[in-house]
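Take a look at the structure below.
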Amino acid sequence: MIRIATIGTSVITESFIGAATRTSGIEVAAVTSRDIGRARAYADRVGVPGAFGDLASMLADPAIDAVYVGSPNSVHRDQVAAAIDAGKHVLVEKPAVSSAAEWDDLVARARAAEVVLIEAMRTAYDPGLAAVQELVPSLGTLRRASFHYSKRSSRYGAVLAGEVPNIFDPAMGGGALADLGVYGLHAAILLFGEPARVEAAVTPIRTGVEGAGIALLDYAGLVVDVAYSKITTSTRPSKIQGEDATLVIDHLASPRHLTRVDTDGNVTERVIDGPVDVLDGEVARFVELVSGGASPEVDQERTAATLRTIERARAAAR
Ligand SMILES: NC(=O)c1ccc[n+]([C@@H]2O[C@H](COP(=O)([O-])OP(=O)(O)OC[C@H]3O[C@@H](n4cnc5c(N)ncnc54)[C@H](OP(=O)(O)O)[C@@H]3O)[C@@H](O)[C@H]2O)c1
């Protein structure tokens, strides 16, 4: 049984705890907050026995085998490094860190410490994306894809009121590319590999981050646009177009309704049961890796390629 402690007391950590509770082989032993009162109240509310009021005490506890990092992006690197140094396995929220170089360094440290480190990129472990991956070869030679994830953030109202919530704060690693664009980029890399060329444009907002944008991934023969926004909402589906058929994907981050339309107009549908936006797949993969059932190298390399692509998109948009 893997005894994991969480970091962060927001909604995403609660989603993680829910997924871990539904997954065998792992139990949430404790939560961690920067404030012990908040940690205790959160632990009681979500039904977790332990509570820590600082990172160092949690990492010093030999009863903790692994750590889930659900803090703002800019603090991931130091928290992950400290957890690895303490000999803990780590599952870190997306985007894992702010650069590919940081990630490569953490991966090397994790290897040396013989612990597992992967990014909590739920899309990569979602049964819906596995179904997409299965259908892609039936589309013929791939030529175009459009991936979309645009959802106005509940915290954008605070930005309009003059505040700077973490997720829109450049100092906290915020911005729509890192927060939502990362899903489309990660999915593109999983399905098509790392692009040969990256172009990009962004919509800057008052806080200094991009509120929305688009990255164009050129695969020499296949062009993929990845659109994202945290300041507007779109219900536009994502699409993968091959010379023989097009696949329409209802919800990129967790596909549940896939429609394949061939060049003669024949339509076949695939429905994937289950709720959207759940973390069960990533938790199951983490348990498999920590239990020694597979190597994390593929997962780690996909994160590295995604971080390299984010850096290229940022440079192209400048
Ligand atoms: N996979 C998904 O579907 C999904 C969804 C949403 C977010 N995320 C990811 O989850 C992470 C957290 O996002 P969020 O929007 O929940 O962040 P957040 O609300 O800004 O912060 C999360 C938690 O981190 C702690 N925290 C806040 N500011 C901090 C600081 N300056 N230094 C250290 N700890 C701090 C807080 O816990 P305490 O005050 O109790 O210490 C807070 O509850 C991000 O990496 C984000 O990309 C993933």
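The values are calculated or read from the model by the stated rules, or taken from the named source; none is laboratory data. As the structure is a prediction and not an experimental result, all values here were calculated from the model. Cβ placement follows ideal geometry from the backbone for every residue including glycine, while neighbour counts extend to all protein chains displayed.
Selection of the stretch 102-119 for residues being acidic (D, E) and crowded, with 22+ Cβ neighbours inside 10 Å yields only E119.
When the stretch 28-55 is filtered for residues that are in contact (Cβ under 8 Å) with a residue 24 or more places away in the chain and touching a helix residue (DSSP H, G or I) at 6+ places or on another chain (Cβ under 7 Å), the ones remaining, listed by number, are V28, A30, V31, T32, S33, V46, V48, G50, F52, L55.
Scan the stretch 96-122 residue by residue and report those that are within 16 Å of the ligand (Cβ to nearest atom) and among the charged types (D, E, K, R). Spell out how you get there, then give the answer.
Step one: list which residues in the stretch 96-122 are within 16 Å of the ligand (Cβ to nearest atom), which gives 96-99, 102-103, 106, 117-122.
Correct list: E102, E119, R122.
Out of Y68, Y149, one residue alone is assigned by TED's automatic domain parsing to the domain that holds V271, aromatic (F, W, Y) and on the phi < 0 side of the Ramachandran plot. It is Y149.
Going residue by residue through the stretch 160-173, is there one that turns out to be away from the ligand (no atom under 16 Å from the Cβ), within 17 Å of the chain's Cα centre (by Cα), at pLDDT 95 or above and crowded, with 23+ Cβ neighbours inside 10 Å? The answer is no; no qualifying residue exists.
So which residues in the stretch 203-228 are among the aromatic types (F, W, Y) and buried (at least 23 other Cβ atoms within 10 Å of the Cβ)?
So the first thing to find is which residues in the stretch 203-228 are among the aromatic types (F, W, Y), and the list is 219, 228.
Matches in the stretch 203-228: Y228 only.
Taken over the stretch 1-17, the residue count meeting the criterion of being away from the ligand (no atom under 12 Å from the Cβ) and assigned to a helix (DSSP H, G or I) is 1.
Taking the stretch 35-56 as the range and being within 9 Å of the ligand (Cβ to nearest atom) and farther than 14 Å from A5 by Cα as the test, the residues that pass are D35, R38. In the set (1) surrounded by 15 or more Cβ atoms within 10 Å (Cβ to Cβ); (2) without any contact (Cβ under 8 Å) to a residue 40 or more places away in the chain, R122 fails one condition alone, (2).
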